[in-house]
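The values are calculated or read from the model by the stated rules, or taken from the named source; none is laboratory data. Keep in mind that what you see is a predicted model, and the values were worked out from it rather than measured. Here the Cβ positions follow ideal geometry from the backbone for every residue, glycine too, while neighbour counts run over all protein chains shown.
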Amino acid sequence: MAKNQMTLDTSGLEEALSRLVANVGIERAQESVEKHLQEVGKKISEDTIEAVQKSNLPASGRYSTGDTEEAVIRNPKVTWDGGSAWIPCGFDFEKPGAGGWLISGTPKMRPDAQLRRMYKSKKYMADRQNELAEAIWADILESEGL
Amino acid sequence: MRDEITTLLESFGYPVRLQGSFAPSEAYPDNFFTVWNNTSTDWSHYDNAPTGTVWDFTVYFYSNDPSNVITKTEAAIALLRQNGWIISGKGYDAAADDPNFTGRAFEAIFAEIDTSPIIRRT
């Protein structure tokens, strides 16, 4: 996986997923998890797209190419690995124009603050992981009539 | 801590600048460092006051000599580690605006901890 590649996953939610499966069955539980992964992943995509709008970029966006927005991951496929699921999110760094330069900056362009917050600090993805966890727990509580 | 890390890097005899501070038409020196302070977060708390600060910097080295990029980056990592900085790995490639230059970068963390036995709020 490329450096700076972000992923959203269900790590730490094994007990919650087991409980959800016990309540609604494996098929419905999978649908629920995939739906919530896609929803939170969509927010990450939208935040990335907003961050790379030229008006929001340093150096008047001259380091952003027309390919930059095209390199943002949309509608990612959910991958299941045993009882855990994950999706890639943010930039697809295998595509040209993916905003690696915007994250690291160059000697003539400071790093983009929003992208740094998303890709380099732990808080942004920790908040997204919490949103995912809350959504799954809401489904669990609903399935238990709470 | 920017002053501290800058002073350490200046010991290599190359300019140390803020990442992004070069003007569009400004020529690069043959070899130079840039730094960027990503975050500064509280170490922990006592009596509602922080007991120190964790500084997170990215250090970049650029050169028109590709072999120098590798050796000086490794030397910078070694020097910072000797002075209490925490660095994981050996860095990664960093893009330069000038096709004649290559660069490498790494994250450097410093825990500036208040070791006073009693921490008083001002």
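Below are the figures for this structure:
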quantity: Search result, residues across segment B:56-70 that are under 17 Å from B:Leu8 (Cβ atoms) and either in a helix (DSSP H, G or I) or of a type in the set (Val, Ile, Thr) (or both); calculated: B:Thr58, B:Val59
quantity: Cross-chain or 6+ apart pairs with Cβ under 8 Å, segment B:23-41 first and within 16 Å of B:Thr6 (Cβ to Cβ) and within 11 Å of another protein chain (Cβ to nearest Cβ), then part of a strand (DSSP E or B) and of a type in the set (Asp, Glu); calculated: B:Asn37/B:Asp56; B:Asn38/B:Asp56; B:Asn38/B:Glu107
quantity: Elements of type helices (runs of 4 or more DSSP H) contained in segment A:1-117, each with 1 or more residues being in contact with a Lys or Arg (Cβ under 9 Å, 6 or more places away or on another chain) and modelled with pLDDT of 90 or more; calculated: A:14-24, A:26-51
quantity: Residue ID - surrounded by the most Cβ atoms within 10 Å (Cβ to Cβ), chosen from residues in segment A:3-22 that are more than 14 Å from A:Ala135 (Cα to Cα) and of a type in the set (A, V, I, L, M, F, W, C); calculated: A:Met6
